[in-house]
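Peer 1: Okay, handing you the structure first.
The values are calculated or read from the model by the stated rules, or taken from the named source; none is laboratory data. Since this is a predicted model, take the numbers as computed values, not measurements. Cβ placement follows ideal geometry from the backbone for every residue including glycine, while neighbour counts extend to all protein chains displayed. Heads up: the accessible areas ignore ligands, DNA and RNA and are worked out on the full protein's heavy atoms, side chains in. Shrake-Rupley method; radii C 1.70, N 1.55, O 1.52, S 1.80 Å.
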Amino acid sequence: MGFATEFNSVCKFKSEQELYELLEYGKGKMVKSGFRVFPTGQKVIAYTPDNRAIAIVRILASIAEINFQGQEVTQVEMELVRKLTEEESRVQTDLAHEMFFGERG
């Protein structure tokens, strides 16, 4: 058991449904496996499941718990600040691949 710290500028969605809800309704949450620490109150870049920068979001809450199945999970609640422009998305995506996700093929 232990906490993994997330990068202050990265919030990567694994679920298209969670991302859709955020973009459609302006608020949403995602569930991550393991105990993690997200920067509550800060703005971060949100990434799609295929590692494409898509929006700026503000982290509202980060709740780490053991669920009913005995798994360590972290729920992250956030609100949409704004979607990125095409140019912003391209630049942020390229930087994230170099810094966090690994070089592109």
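Peer 1: Using the structure shown, decide if residue 96 is out of contact with any helix residue (DSSP H, G or I) (no Cβ under 6 Å at 6 or more places or on another chain), small (Gly, Ala, Ser), open to solvent by 20 Å² or more (accessible area, probe 1.4 Å) and in contact (Cβ under 8 Å) with a residue 40 or more places away in the chain.
Peer 2: no
Peer 1: In the set 64, 4, which member is at pLDDT below 95, out of contact with any Ser or Thr (no Cβ under 6 Å at 6 or more places or on another chain) and among the hydrophobic types (A, V, I, L, M, F, W, C)?
Peer 2: 4
Here is a yes/no grid of residues against (1) more than 20 Å from residue 93 (Cα to Cα); (2) hydroxyl-bearing (Ser, Thr, Tyr); (3) open to solvent by less than 30 Å² (accessible area, probe 1.4 Å):
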position: 26; (1), (2), (3): yes, no, yes
position: 29; (1), (2), (3): yes, no, no
position: 32; (1), (2), (3): yes, no, yes
position: 45; (1), (2), (3): no, no, yes
position: 55; (1), (2), (3): no, no, yes
position: 64; (1), (2), (3): yes, no, no
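Peer 1: Among the residues of the range 76-90 satisfying the criterion of being closer than 18 Å to residue 39 by Cβ and open to solvent by less than 40 Å² (accessible area, probe 1.4 Å), which is modelled with the highest pLDDT?
Peer 2: In this case the residue turns out to be 78.
Peer 1: Would you check which residues across the range 20-36 are small (Gly, Ala, Ser) and under 12 Å from residue 55 (Cβ atoms) and list them?
Peer 2: Within the range 20-36, 26, 28 qualify.
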